[in-house]
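Since the structure comes first, as structure tokens, the remarks are kept for the end.
The values are calculated or read from the model by the stated rules, or taken from the named source; none is laboratory data. These numbers were taken from a predicted model, which means no experiment stands behind them. Backbone-built Cβ (ideal geometry, glycine too); neighbour counts: all protein chains shown.
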Amino acid sequence: MPSGTTERTAERKSQRHLLYHRRETYAEKLDRNWAEILQELRILQTGLQLIAGFLMTLPFQARFTALDEYARTLYLVLVVVAAIALLVVLTPLSVHRWLFRKQVKDRLVASGSWAAKVALGLAALLIMGTSSLIFDVVLGRWQSLVAGGVLCVLCIMMFLAVPAAISRFPEPTKLPETETAGQEQAAEPGQEAHQKPAPHDHEAHGLPAE
């Protein structure tokens, strides 16, 4: 690899480290990660509950008896997938109860991350399957296959291709946070007392920049 490319890669990594540097302990990092995972699981749970509720009410509709063998099989498969997805989303709750106050939150965060990934994949299957079932009942078999195929491609793009593409975008070359972090890193311990105080404050507090 050329030396210029290596230097640019190292510089981007250094800028990313400075830009996203957080003043937090390992326990605080785990707490933040767990809160973010819970928010993701809440969003997944809401969508899964809506789809599962829709599927559970279908057998009580008068037109459900007119479904052929293919549509009934697809429906039963979707019911099983919805049930598994809800169980996966609720798994972190059970894990949290069992591991509560055992000081193993790193395992809790790892299990929550796994549950979010699996539930997202199951949600994609439900989106494709439910839409295909609706198209099969309303329009026909080939229309349902087309709709399922199109949604399959969209799910792959949105859940896999788009995140992978975003992760490859280079970081900004110059941001105020990067400059502030670089100044803090280069400053000597004795230089903090010589910083110019703010116009509305005549005492140097020595507080780190946010």
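When S113, S167, S131 are checked against the criterion of being at pLDDT 80 or above, under 25 Å from the mean Cα position of the chain (by Cα) and either farther than 30 Å from R63 by Cα or not in a helix (DSSP H, G or I) (or both), S113 stands alone in meeting it.
Exactly one residue among L108, L44, L86 is at pLDDT 85 or above, under 19 Å from the mean Cα position of the chain (by Cα) and part of a helix (DSSP H, G or I), and that residue is L86. Selection of segment 137-163 for residues being without any contact (Cβ under 8 Å) to a residue 12 or more places away in the chain and within 24 Å of P59 (Cβ to Cβ) yields V138, L139, G140, Q143. Look at Q39 and say whether it is within 22 Å of L122 (Cβ to Cβ) and surrounded by 14 or more Cβ atoms within 10 Å (Cβ to Cβ). Spelling it out, it is not the case that Q39 is within 22 Å of L122 (Cβ to Cβ) and surrounded by 14 or more Cβ atoms within 10 Å (Cβ to Cβ).
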